[in-house]
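Working notes, beginning with the structure itself.
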Number of protein chains: 2
Amino acid sequence: MKLEKAKELLKGPLNVVGLGLDNIVEGAKAAGSTVLDVPFKPPAGGDPKRIGFLDELHAEPLASKIDKANQEALSRFFGSQPNLVGVGIAREVVPGMTDGLFLHAGPPLTWEKASGPMRGAIIGGILLEGLAKTPEEAEKLAASGGVRLEPCHHHHAVGPMAGVMTPSMPVWIVEDKGGKNAGNRTFCTLNEGLGKVLRYGAFSEEVIVRLRFMADTLAPMLAKALEVRGPIDLKLLMAQALQMGDEGHNRNRAGTSLLFRELAPAMVKAVGDSEKVAKVLTFINSNDHFILNLTMPMAKCMLMAAEGVPYASMLSVMARNGTEFGIQVASMPGKWFTGPAQIVRGLYFPGYDESHANPDIGDSAITETSGIGAFCMAAAPAIVQFVGGSVDLALTTSREMARITLGRNPIFTIPALDFLGAPTGIDLRKVVELNLLPTINTGVAHKDAGIGQVGAGLVNPPWECFHGALEAFVEHCRNQ
Amino acid sequence: MKLEKAKELLKGPLNVVGLGLDNIVEGAKAAGSTVLDVPFKPPAGGDPKRIGFLDELHAEPLASKIDKANQEALSRFFGSQPNLVGVGIAREVVPGMTDGLFLHAGPPLTWEKASGPMRGAIIGGILLEGLAKTPEEAEKLAASGGVRLEPCHHHHAVGPMAGVMTPSMPVWIVEDKGGKNAGNRTFCTLNEGLGKVLRYGAFSEEVIVRLRFMADTLAPMLAKALEVRGPIDLKLLMAQALQMGDEGHNRNRAGTSLLFRELAPAMVKAVGDSEKVAKVLTFINSNDHFILNLTMPMAKCMLMAAEGVPYASMLSVMARNGTEFGIQVASMPGKWFTGPAQIVRGLYFPGYDESHANPDIGDSAITETSGIGAFCMAAAPAIVQFVGGSVDLALTTSREMARITLGRNPIFTIPALDFLGAPTGIDLRKVVELNLLPTINTGVAHKDAGIGQVGAGLVNPPWECFHGALEAFVEHCRNQ
């Protein structure tokens, strides 16, 4: 199409070919010239310092060392075998979890800098833990440092949206059964459903009652069902869901259905109380995102396997706390590179628009970091009715993400792209060089505490993360 | 692409443009001419009698009468609201079902003309009913006319593959809750799963034991669950499954999952015996085609609503008995137009090929008649790994079927085609005029009794059905 347009223009009195130099192009247009705009951006946005970094990374022997390291990291990622093995209480199973500690999504955060929905979820967590009797008391406690805040990622955990995990909450336990990383464990709370829920910052009585039901009834029954059923291979389940119109982040109906089919017979076998079983099955059936909180620790488990490979430029974490977006690189585990969280472009619920939106929030971008979510959007054309855009956007997104990734997942395949594998392993170098940011499918929280979801759409990380990471990565390579 | 090729050839010394006149084209090629082959077929295959019929149907005022009738038939079809309302015993709920009567798939058939798998299923049915003690006795009984054979379609029923329904079998009851047709009921047996099963002509002890379990345990529990749950809107369920990679005929994983989610909580509530519930849920969970036997009576229910509209050229039935393929037209309900059943092109299981295949068999082509199955193949790209071909074939099939259909289903939409509706209502006139037969996704039975499925693929009806129907339809119009 572009070529056709070019040919057509070349027939006429063409004066200027624009290569992204906006001032010159606009000037030429103003002067009456016919301009052919070619969407071109110079590598690294034309920034001389970053071009210098890229030149350094592309020089031998370093370039080959990085390529080999990425190959190793990706191979460890693909070798990971995340299995759902159980359900436990955060205090008892999550490493480093203690009373008074609240985990949250994204990079480190203080109460002062926390956004509305994050504050709402912390208030709800305090009420759930019985540390305060009213929201006002809870807020006072939080503001005075009465609870410690640490990122989920510092405890091998992930949490959607606010991602608040408190000591008494039940969590999924995912364990790596693969090769070198066997025994790695990751964690996530259970999904509450839609409407007024803690992860979107709601903390009303209804939210707390539901969280109590989840801890008292849902979690013990899931734990018993898993004991009867045995471990569930999450990669196999995800691979099937991708053949069934899920992308693993914002469309989860197939994965939830397949998990339901695995759990229901085991739960019936394991638990005698029919009324309770029916209640729990109805709860799961009413929430098409139930599996999201398992897909996330699956992704985290695979990415943990890739961490700690010197010279690897592959991303191992992308996460947002509602204020900042943070990324980590596989060769520098634990180091955050952050920038301001962005506003989501997409479909807003009736009565809401971008002015009501909280900036991007949640650890769920771990799905994109692992090659699913928006990276597999072509597998889930129906998602455009939820996040906006056309089916073509879904195809294009998956194709574009292949440009900034290291390989194709042999198990996660995309039917609409003739079973091409999910584009996997975001390469820090490629993102900067091609000026192409990862795309993330995400839900949108209202910016005020206690309101909930107001839409869904697409979002990118801020450039600051990648610029900071690039500089640190060059330093890392120099110091090896 | 064709245009490009044409342009390229037109540059050179082109001598002949071939328009499907094979002899002339071959002669020209042999004489050294450059030939541009244009894939052209004259209307109605060039047959003067059928061209005459089409001319008659295209002449006013008849043409408008037919168009209006089709509009009415399609509108009744779309107005139909098939709901799953219960499970009963064939003898008690299927109209006209009596002891000694066996229903089968496709148009009318005698034992003498029955194929291997059909004979196998009848033998199995006789053993199940206790009318004989050994397969040999059963065969003797059948050959001597000891059981009456009638098509399922004569009793508002449909059956996959051999489609044998005996009086004691449990059946799904689907009821139309929509407009004029409210109260219409259709029926289908329950799906047995894969492997050695009656519908593929197997009749070993294992098959009979499973059928007994289905009658004694599965069916009563499904019936109780439905009493608790209330009716299930099958169109809503199908609409969702099409967004999840099903096409409703040979890929049924999503639909089965969604049905499972609806039934499980209700079954747990309705039935006290945990062990039995777990056994039944495990049985359903092990069979991704479980929903097929509900999709079929849903399709039959919608098509029944369209029957009986004078002048309508819309097809209301396509069905095969393993020997013959039969179709019916909405304006002439009950009248069969038949031709020899064809061999399926597709993927055969290891050790098998087309030489082992029974000709096309089963009432399941009712799905394509209703606009799903192969007509919605673009919704189910993953199916090509089962029936063969590429993802492009899936897209092309859905696009081609739109050429021979009357409208688009407003509820059944195809994500990959930007949510275009399923191409619905096969128009007898268009099939003949465009020389374009309906495509059907189907399983393949071994030609010998007792072996089972040997593959899956695509198949077409024989032309004889459409030629016979066209002549009768012209007669029908003349006699109005």
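Key figures for this structure:
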quantity: Test: residue in region A:217-229 that is assigned to a helix (DSSP H, G or I), of a type in the set (Val, Ile, Thr) and more than 12 Å from every other protein chain (Cβ to nearest Cβ); calculated: yes
quantity: Spans of helices (runs of 4 or more DSSP H) in region A:382-466 with at least 1 residues under 16 Å from the mean Cα position of the chain (by Cα) and either buried (at least 24 other Cβ atoms within 10 Å of the Cβ) or within 14 Å of chain B (Cβ to nearest Cβ) (or both); calculated: A:384-387, A:391-401
quantity: Breaking point among (1) in contact with a His (Cβ under 7 Å, 6 or more places away or on another chain); (2) closer than 20 Å to B:Ala73 by Cα, for B:Ile366; calculated: (1)
quantity: Subset of region A:198-213 (residues that are assigned to a helix (DSSP H, G or I) and surrounded by fewer than 21 Cβ atoms within 10 Å (Cβ to Cβ)); calculated: A:Glu205, A:Glu206, A:Ile208, A:Val209, A:Arg210, A:Arg212, A:Phe213
quantity: Matching option when the condition is surrounded by 19 or more Cβ atoms within 10 Å (Cβ to Cβ) and either part of a loop (DSSP other than H, G, I, E, B) or hydroxyl-bearing (Ser, Thr, Tyr) (or both), among A:Ala319, A:Ala299, A:Ala312; calculated: A:Ala312
quantity: Region A:78-105, subset of a type in the set (Gly, Ala, Ser) and under 24 Å from A:Ala215 (Cα atoms), residue nearest to the chain's Cα centre (by Cα); calculated: A:Ala105
quantity: Residues of region A:236-261 satisfying the condition of being crowded, with 19+ Cβ neighbours inside 10 Å and closer than 13 Å to A:Leu84 by Cα; calculated: A:Leu237, A:Met238, A:Leu259
quantity: Single residue of A:Leu101, A:Leu74, A:Leu84 found to be crowded, with 22+ Cβ neighbours inside 10 Å, within 24 Å of A:Gly163 (Cα to Cα), at pLDDT 95 or above and not β-branched (Val, Ile, Thr); calculated: A:Leu84
quantity: The listed residue being touching a residue at least 24 places away in the same chain (Cβ under 8 Å) and closer than 26 Å to B:Val454 by Cβ, out of B:Thr413, B:Thr405, B:Thr397; calculated: B:Thr397
quantity: Criterion violated by B:Phe78 - all others in (1) touching a helix residue (DSSP H, G or I) at 6+ places or on another chain (Cβ under 6 Å); (2) touching a residue at least 12 places away in the same chain (Cβ under 8 Å) satisfied; calculated: (1)
quantity: Criterion (in a helix (DSSP H, G or I) and under 19 Å from A:Ala422 (Cβ atoms)) met by exactly one of A:Ala264, A:Ala241, A:Ala278; calculated: A:Ala241
quantity: Total residues in region B:238-296, condition hydroxyl-bearing (Ser, Thr, Tyr) and more than 10 Å from chain A (Cβ to nearest Cβ); calculated: 1
quantity: Cβ-Cβ under 9 Å pairs, at least 6 apart or on other chains, region A:46-64 side more than 13 Å from A:Arg478 (Cα to Cα) and outside the structural domain of A:Arg429 (by TED's automatic domain parsing), far side basic (Lys, Arg) and not in a helix (DSSP H, G or I); calculated: none
quantity: Some residue of region B:211-223 being in contact with an Asp or Glu (Cβ under 8 Å, 6 or more places away or on another chain) and more than 26 Å from B:Gly308 (Cβ to Cβ); calculated: yes
quantity: Residues of region B:145-197 satisfying the condition of being buried (at least 22 other Cβ atoms within 10 Å of the Cβ), of a type in the set (S, T, N, Q) and over 21 Å from B:Trp336 (Cβ atoms); calculated: B:Thr166, B:Thr189, B:Asn191
quantity: Verdict on B:Lys196 being modelled with pLDDT of 95 or more and under 25 Å from B:Thr166 (Cα atoms); calculated: no
quantity: Members of region A:346-381 found to be under 20 Å from A:Ala445 (Cα atoms), touching a helix residue (DSSP H, G or I) at 6+ places or on another chain (Cβ under 8 Å) and in a loop (DSSP other than H, G, I, E, B), listed by number; calculated: A:Asn358
quantity: Test result for A:Asp288, under 20 Å from the mean Cα position of the chain (by Cα), free of Cβ contacts under 8 Å to residues at least 60 places away in the same chain and not in a helix (DSSP H, G or I); calculated: yes
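The values are calculated or read from the model by the stated rules, or taken from the named source; none is laboratory data. Being a predicted model, the structure only gives us computed values, none of them experimental. Don't worry about glycine lacking a Cβ; one is built from the backbone with ideal geometry, like all the others, and counts go over all protein chains shown.
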